[in-house]
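What follows is a single structure, written as structure tokens, with notes after it.
Bear in mind that the values in this text are calculations on the coordinates, not laboratory data. As the structure is a computational prediction, the values presented were derived from the model and not from experiment. In this analysis, Cβ positions are derived from the backbone assuming ideal geometry, glycine residues included, and neighbour counts consider all displayed protein chains.
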Amino acid sequence: MAPDSLALQLLALAAAVVAAVALAVAWERGSGWRRVALRAGTAGLCVAAALAAALVWVNRQSETYTSWSDLTGAPAAADALATPPPAGGGTAGRLVELTVAGKASGLSLPVLAYLPAAYDAQPTVRFPVIEALHGYPASPTGWTKALRAPEYLDQEIAAGRMAPTVVLFPYTTPDRLLDTECTNLSHGPQAETYLTVDVPAAAENQLHVRTDRGGWGLIGYSAGGFCATNLALRHPTRYAAAASLSGYATPGITVGDGSERTLNNDLWRLQHLPQPATALYLGCARSDGTAMRNTATLARLAHAPMNVTTGYVNGGGHNVGTWLAMEPPAFDWLSSWLARPLPAG
């Protein structure tokens, strides 16, 4: 029973109900100090059970902890690992796990990689790459489980709306409870270096993928949306395009060097620095006030040679339902800006 399972959620809810019943039954039991102790104990049990149920629900939404080992050890990759391609081919891709020993950043973390069906059928072809960045708090399985990215990628590639593409799902932090916003924190994890140097280097070393700027893009949701746009603006020679789903224009954390107000602030960059020839897709729900304001402001500030496309979901909010609705068109848009798979020779 995993910490993000429906079974645990139902068990936690059942425990909360039992605790509430126990509180009602015990309220008039005993006398004197025994009654006080019994009431205090059952009330505490009731609060603890309700809190546990709420925490399990939040974890199911964010996919922060997907296994019990996540709570005690280093981040582990998702349960779905490499499986042989289907006999005779097929349209389904597969997930594999890469090991990224970050020489530049000092971070060593696992990375999930989606390999399209064509990857195994065409071993001499180099495929374009998208780095998919999760929100906070969350993990790569926010993409692979809650947002069902492999399923949607299979669907869009099979329909011809997206070129066969390798998609990487890295951690954006070595500590689930430390929000890096994909920046190099002063006296902290060098997440930006890990994502923009170490992850690409590992992918190019372990997979047959494109190594040129035109073959690399970014996508992210929530905090990962800020990561995608910020990294694309900061590293225009590494990435050709980026898509943000309900992302923001500022990191919302203290980086430690003041850059949250300047170089790691997308609004500041667009107003004070030359704009790169980068393409951005900015999507959000119309009811997501902060994301909506940030999207409108970024789109207004952008000018050539930058290209900005916006997309909106009516209603929705800052949640999985909104991101599921925006996910397929965002991947399709990204693919249209990236270079095609490159045959050998």
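Key figures for this structure:
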item: Most fluctuating residue given options ALA302, ALA20, ALA243, as computed from a GNM of the chain linking Cα atoms under 10 Å; result: ALA20
item: Lys/Arg +1, Asp/Glu -1 at C-beta; the chain dipole; positive extreme among THR278, ALA117, ALA138; result: ALA138
item: Cα-centre dipole for the chain with unit charges at Cβ (Lys and Arg positive, Asp and Glu negative), debye to 20; result: 560 debye
item: Taking N as its residue count, the alpha carbon Rg of the chain over 2.2 N^0.38 Å; result: 1.11
item: Fluctuation leader among ARG39, ARG176, ARG269 - the chain, Gaussian network, Cα springs under 10 angstrom; result: ARG39
item: Over the chain, relative contact order from alpha-carbon pairs under 8 Å, at least 6 apart, %; result: 15 percent
item: For HIS235, HIS187, HIS272, order by how many other beta-carbon atoms lie within 10 Å, fewest first; result: HIS187, HIS272, HIS235
item: Nearest 10 degrees, 0 to 90: helix 149-158 Cα axis against the chain principal axis; result: 30 degrees
item: Helix 223-234 axis, angle to the chain major axis (alpha carbon atoms, nearest 10°); result: 30 degrees
item: 3J(HN,Hα) from dihedral phi, segment 91-105, Karplus parametrisation 6.51/-1.76/1.60, rounded to Hz, x for glycine, proline; result: 9, 8, x, 9, 9, 10, 10, 9, 9, 10, 8, x, 5, 7, 9
item: Rg and Dmax [Cα atoms of segment 132-265; Å; Rg one decimal, Dmax integer]; result: 14.6, 47
item: For the chain, Cys with no neighbouring Cys Cβ under 4.7 Å; result: CYS46, CYS284
item: Euclidean distance of C-alpha centroids, segment 309-331 and segment 161-191, integer Å; result: 21 Å
item: Cα-centred dipole magnitude for segment 249-342, charges only on beta-carbon of K, R (+1) and D, E (-1), debye, nearest 20; result: 220 debye
item: Order of MET292, MET1 under a 10 Å beta carbon neighbour criterion, fewest first; result: MET1, MET292
item: 5 angstrom amide H check on VAL308, placed H, neighbours 5+ away; result: LEU280
item: Efficiency of FRET from Cβ geometry, LEU55 and ALA277, R₀ 41 Å, rounded to 0.05; result: 0.35
item: Theoretical FRET efficiency, 1/(1+(r/R0)^6), r = Cβ-Cβ of ARG340 and SER108, R0 30 Å, to 0.05; result: 0.40
item: FRET efficiency, ALA40 to HIS187 (Cβ-Cβ, R0 35 Å, nearest 0.05); result: 0.20
item: With Cα atoms, 0 to 90° folded angle of helix 320-337 axis to the chain main axis; result: 10 degrees
